[in-house]
Amino acid sequence: MFRNDEQILVVDDIKEQRELAATMLGKLNYRVQTVSSGEEAVEHLKTHQTDLIVLDMIMDPGMDGLDTYRRILEIYPKQKTIIVSGFSESERVRFAQSLGAGIYVKKPYVIEKLGMAVKKELSKK
């Protein structure tokens with residue numbers, strides 16, 4: 001079976017959403033890890049390298065996606081990230097993109113949209 005070398009970290013406060021994204025990305029043959037908060041994502045990245053982060057924008061309690069992304073950039077200034085949310089694209093999403101985050105994917109997850117966003121972001125130099 002074909003296997004991608006890329007490691008993806010899914011960050012979402014809702015367990016079912018994390019599991020759904022991880023399952024979809026696993027079916028696309030990516031190696032996937034998940035965490036349930038921005039704080040966990042930052043701690044995870046201190047000891048684990050990841051090729052791409054799938055980052056939920058709205059997380060409660062704790063840091064939201066923008067605050068998490070800012071902290072991640074302090075550790076890895078060129079970290080590839082796509083932003084996901086069940087809500088409409090917001091000013092905070094656009095601000096994260098201005099800092100370097102990639103494509104915005106609106107939930108609910110659709111495997112084709114998520115897969116294409118991940119592939120496009122990973123292909124960027």
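No lab work stands behind these numbers, since they all come straight from the coordinates. Fair warning: this is a prediction, and the values are worked out from it, not measured in the lab. With ideal geometry, Cβ positions are generated from the backbone for all residues, glycine too; neighbour counts draw on all protein chains shown.
Computed values, structure above
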| read-out | value |
| --- | --- |
| Highest to lowest packing among 45-52, 10-17, scored as the average C-beta count within 10 Å | 10-17, 45-52 |
| Length released on extending from residue 67 to residue 98, taking residue separation times 0.36 nm less the Cα-Cα span | 9.8 nm |
| Scattering profile of the chain at q = 0.22 Å⁻¹ [log10 I(q)/I(0), Debye over alpha-carbon scatterers] | -1.42 |
| Linear extension gain, residue 46 paired with residue 113, 0.36 nm per residue minus alpha-carbon span | 21.2 nm |
| 89, 6 arranged by Cβ crowding within 10 Å, fewest neighbours leading | 89, 6 |
| Pair residue 31, residue 16: separation of 7 Å Cα→Cβ label points (nm) | 3.1 nm |
| Exposure proxy order (Cβ contacts within 10 Å, fewest to most) of 84, 42 | 42, 84 |
| Around residue 106: net Lys/Arg minus Asp/Glu count, Cβ-Cβ under 11 Å | +1 |
| Segment 58-125 shape via C-alpha gyration tensor axes, a/c threshold 1.5 | oblate |
| When each of 27/119; 46/120; 80/119; 46/125; 15/107 is checked by Cα-Cα distance, pairs over 18 Å | 46/120; 46/125 |
